[in-house]
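Take a look at the structure below.
Read the figures in this text as sums done on the coordinates, not as results from a lab. Since this is a predicted model, take the numbers as computed values, not measurements. Note that each Cβ is placed from the backbone with ideal geometry, even for glycine, and that neighbours are counted across all protein chains shown.
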Amino acid sequence: MAETAASPLLRAWQLSYLDPSASLALARSLCAEPGAHHAEAQLLVALGEARLAPPAQAQLTLDAARSGLRAAAESGAADESGAATAPAEPAEPVKRAEQGQAERGLRLCDELQAVLLRRQGDAEASARLQALLDARHGAPSDALHRFIAHNSRAITC
């Protein structure tokens, strides 16, 4: 989802399972900065909180990330504050790429929702949501997203 190999956002994703505390700290710092990747940074915070904080806190952060990603998917662009805005006639391929990125983020929100359900003790609801996601979308094409999905299913089993 991140733009370059050197980006702080990509680094936070890379750390999300290797060092959740470091990923969470980096993602929180990215949420404090204005920019188009604000919702994705919130999703990373929710992922870290799902593992390290009370589930209710992670749910609130996940809901905020989902809202931001939905807005980005609908508009195809974001202003510098991270709030979705109407695109100023962007090239159609750019708009589709931004929408695709937001849609992948929304799928990750659903994966994280399954993790939170399991963490709250509802493994059956988690498994049902995971089965629904698999039927609806199939396997994610991105390697990191595939890892998160497979890891989540393995834990639910």
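Within the range 111-157, the set of residues being surrounded by 14 or more Cβ atoms within 10 Å (Cβ to Cβ) and among the β-branched types (Val, Ile, Thr) comprises Val115, Ile148, Thr156. Count of the range 17-74 residues, restricted to those that are surrounded by fewer than 21 Cβ atoms within 10 Å (Cβ to Cβ) and not hydrophobic (A, V, I, L, M, F, W, C), is 18.
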